[in-house]
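Structure first, commentary second.
Any read-out appearing in this document is the output of simple, stated calculations on the displayed coordinates, not a laboratory observation. None of these values were measured; they are calculated from a predicted model. No Cβ is skipped: glycine too gets one built from the backbone with ideal geometry, and neighbour counts run over all protein chains shown.
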Amino acid sequence: MPRRRDALVGASKILQEVDRVGPHFAPNACTTVGIIKAYPNSRNMIPGYVFLTVDLRHPKNGILSKMISTLKTFCSRLAASDKLKIKITGLVNFPAVSFNSSRIATIREGAKLLSLPYKSIVSGADHDAVYMARVRPSGIIFIPCKDGISYNEVESASYDDCASGCNVLLHAILQLAQPSH
C-alpha cells in the first residue's frame, strides 16, 4: 500500500476540497465536480489516471480568483504529498456578469404593478442574457420552481407562475417602450 500512487484517491481529496471551497467563500459561491473518469476503470486495478471537471462560480471576480487560487494551491500540495502528477487546464472562464440596474428596476416595477412577490437573487447559470449583457442592457426574470430545483430533469413550474413571469416581462417591455426610455 505505501508504494501506491492511486489517482482516484487523489481525485477524491480534490472533490473534498472543492466541496470545502464553496462554503468557505460564501455567500454566493458555488462549486461542483461534474465529471469523473478513472482509468483503467477496472474493479481490481489501481487507477493511474483520473479526469475530472471542476466548476467554480462567484458573482465577484476577485473572490472567484481567490477560489481558483485556493484550489490550485491545494492541488500543488496534494501532488507533492501523495506523489501524484496533477495537471490543471482551464477550459472555460466566464467572468461574473452584473446585469443593468435600470433593467432590474424595470422588472421589479413590473412585479410591483402586478402585486407579485419578488426578490433579487444571484444566479450562476449560463443564460443567454449573460451574452446579451455584453452588448445591450439586460436582466433576467426567474419564476419559482417546485422545491427550488432548476436546471434539472425534475424542474417543474406551475402554469400560474409561468403566466406571472410572462406578465412581468410584458409590463417591463411596455415600460421600456415608453418614449422616456
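Rounded to the nearest 0.05, what FRET efficiency do Ser102 and Ile143 have when you use their Cβ-Cβ distance and R0 = 25 Å? Calculated transfer efficiency: 0.70. The relative contact order of the chain comes to 17 percent, based on Cα pairs under 8 Å that sit 6 or more residues apart.
Radius of gyration over Kirkwood radius for region 1-104, both on Cα atoms: the Rg/Rh ratio is 1.07.
Past 24 Å, Cα to Cα, is the threshold; run Lys37/Lys85; Lys13/Lys83; Lys37/Lys146; Lys72/Lys119 against it and keep the listed order. Let's see the in-between values first.
Numbers: Lys37/Lys85 16 Å; Lys13/Lys83 13 Å; Lys37/Lys146 32 Å; Lys72/Lys119 35 Å.
Flagged as over cut-off: Lys37/Lys146; Lys72/Lys119.
When Rg and the Kirkwood Rh are both derived from Cα coordinates, the Rg/Rh ratio for region 6-65 amounts to 1.11.
Of the Cα atoms belonging to the chain, the radius of gyration and Dmax stand at 21.8, 75 Å.
Cβ crowding within 10 Å ranks Met1, Met132 as Met1, Met132, fewest other Cβ atoms first. A P(r) calculated from all alpha carbon pairs of region 80-181, with 5 Å bins opening at zero, reads 2, 10, 17, 19, 17, 12, 6, 5, 4, 3, 2, 2, 1, 0 percent.
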